[in-house]
Amino acid sequence: SQQGEEDPQALSIQEGENATMNCSYKTSINNLQWYRQNSGRGLVHLILIRSNEREKHSGRLRVTLDTSKKSSSLLITASRAADTASYFCATDLAGGGNKLTFGTGTQLKVEL
Amino acid sequence: GAGVSQTPSNKVTEKGKYVELRCDPISGHTALYWYRQSLGQGPEFLIYFQGTGAADDSGLPNDRFFAVRPEGSVSTLKIQRTERGDSAVYLCASSPHGAAYEQYFGPGTRLTVT
């Protein structure tokens with residue numbers, strides 16, 4: 001079963017614009033991770049935020065976590081065509097047995 | 001260094017046949033995960049190994065699915081009596097310790113059962 005739900009399911013923007021994706025989850029977590037997937041194959045880890053953290057940055061990426069609302073957001077600033085991919089949030093559930101539970105993903109398309 | 005590799009990259013088999021999918025994790029990573037991803041969905045957890053032992057196999061859909069990691073490195077996912085519903089991309093990932101850390105994914109094996 002899928003723990004998280006990403007919103008929106010699909011997003012289309014122009015190059016240079018910012019892209020924001022949201023993830024909601026249902027139960028308490030140890031950490032939340034964001035991954036990118038190109039062409040339906042291997043996933044690439046982007047950023048990990050622990051339950052006691054509220055915000056993290058990595059290059060053009062900014063992730064926030066609100067454990068009271070059980071939600072996270074991923075912001076990609078100054079998007080590029082190469083950012084076109086599917087983005088997934090994944091949660092390490094508290095008491096969940098040391099495994100990740102993935103959301104349904106957001107398909108991002110960045111147009112030139 | 002080398003990343004996670006999976007073989008074959010594509011496998012087409014007939015309904016009822018037996019298949020084996022192989023995963024070669026990053027050297028030294030003790031945790032190894034198998035996921036299954038259907039079109040338009042996120043990866044779905046199947047099984048997790050810590051070393052040689054299956055620490056959590058709660059995601060295996062039924063007893064036709066089995067996985068081994070006999071020497072704590074390479075892992076094989078085995079599917080008996082394949083069904084058309086088994087068609088999906090099977091992803092393997094490894095991690096230095098477990099879910100508290102990032103996971104490194106292989107390119108996946110696309111299984112098609114005809």
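Using the Karplus equation 6.51 cos²θ - 1.76 cosθ + 1.60 (θ = phi - 60°), what ³J(HN,Hα) coupling, rounded to whole Hz, does each residue of segment A:18-24 give in order, writing x for Gly and Pro?
8, 10, 10, 10, 10, 9, 10
With only alpha-carbon pairs counted, each pair once and no self-pairs, how large is the Kirkwood hydrodynamic radius of the protein assembly as shown in angstroms?
Details: mean 1/r = 0.0559 Å⁻¹.
Here the Kirkwood hydrodynamic radius works out to 17.9 Å.
With a sphere of radius 10 Å drawn around the Cβ of A:Cys23, what net charge do the other residues whose Cβ falls strictly inside it have (Lys, Arg +1; Asp, Glu -1)? Could you put the intermediate results ahead of the total?
Numbers: positive: A:Lys70; negative: A:Glu5, A:Glu6, A:Asp7.
With Lys, Arg at +1 and Asp, Glu at -1, the net is -2.
Between A:Ala78 and B:Arg81, how high is the FRET efficiency from 1/(1 + (r/R0)^6) when r is the Cβ-Cβ distance and R₀ = 35 Å? Nearest 0.05.
Values: r = 51 Å, r/R0 = 1.46.
That gives a FRET efficiency of 0.10.
Given a cut-off of under 8 Å on Cα pairs at least six residues apart, what relative contact order in percent is computed for segment B:5-113?
On the way: 271 pairs, mean separation 39.8, N = 109.
Normalised by residue count, the contact order of segment B:5-113 is 36 percent.
HN-Hα J couplings of segment A:100-112 from phi, Karplus 6.51/-1.76/1.60, θ = phi - 60°, integer Hz, Gly and Pro as x?
These are the phi-based 3J(HN,Hα) values: 9, 10, 8, x, 8, x, 10, 8, 9, 10, 10, 9, 6 Hz.
Mind listing P(r) for chain A? All alpha-carbon pairs, 10 Å bins, whole percents.
15, 50, 29, 5, 0
Filter the cross-link list A:Lys99/B:Lys15; A:Lys26/A:Lys99; A:Lys99/B:Lys11; A:Lys70/A:Lys99; B:Lys11/B:Lys78; A:Lys69/A:Lys109 down to pairs whose alpha-carbon distance in this structure exceeds 21 Å.
From the list (A:Lys99/B:Lys15; A:Lys26/A:Lys99; A:Lys99/B:Lys11; A:Lys70/A:Lys99; B:Lys11/B:Lys78; A:Lys69/A:Lys109), the Cα-Cα distance tops 21 Å for A:Lys99/B:Lys15; A:Lys99/B:Lys11; A:Lys69/A:Lys109.
With only Lys, Arg, Asp and Glu charged, each at its Cβ (+1 for the first two, -1 for the last two), find how big the charge dipole of segment B:5-113 is about the Cα centre; round to the nearest 20 debye. Walk me through the numbers before you get to the answer.
Working: 11 positive and 11 negative charges, 83 e Å.
With only Lys, Arg, Asp and Glu charged at Cβ, the dipole is about 400 debye.
Once amide H atoms are placed 1.01 Å from N in the peptide plane, what residues at a sequence separation of 5 or more from B:Ile47, or on another chain, have their amide H within under 5 Å of its amide H?
B:Trp34
With a cut-off of 8 Å between alpha carbons and a minimum separation of six or more residues, what is the relative contact order of segment A:5-111 in percent?
Values: 260 pairs, mean separation 40.5, N = 107.
38 percent.
Tell me the net charge near B:Lys78. Cut-off is 14 Å between Cβ atoms, B:Lys78 excluded, with +1 for each Lys or Arg and -1 for each Asp or Glu. Before the final figure, lay out each step's value.
Details: positive: B:Lys11, B:Lys17, B:Arg22, B:Arg36, B:Arg64, B:Arg69, B:Arg81; negative: B:Glu20, B:Asp57, B:Asp63, B:Asp86.
Taking every other residue near B:Lys78 into account, the sum is +3.
Per-residue HN-Hα couplings for segment A:54-66, Karplus 6.51 cos²θ - 1.76 cosθ + 1.60 at θ = phi - 60°, whole Hz, x for Gly and Pro?
10, 8, 9, 10, 8, x, 8, 9, 9, 10, 10, 9, 10
For chain B, state the average projected area of the convex hull of the C-alpha atoms over all orientations, rounded to one decimal in nm². Write down the numbers at each step before the final one.
Working: hull surface 26.5 nm².
Mean shadow area of the hull around the Cα atoms is 6.6 nm².
Using amide H atoms built in the peptide plane, which far-off residues or other-chain residues are under 5 Å from B:Lys17 H to H?
B:Thr82
Amide H of B:Ser87: which non-local residues (sequence gap of 5 or more, or other chain) have their own amide H closer than 5 Å, using H built in the peptide plane?
Here the answer is B:Val113, since their amide H atoms fall under 5 Å of that of B:Ser87.
Read-outs: derived from the displayed coordinates by stated rules, not from any lab. Please read all numbers here as calculations on a predicted model, not as lab measurements. Virtual Cβ from ideal backbone geometry, glycine too; neighbours counted across all protein chains shown.
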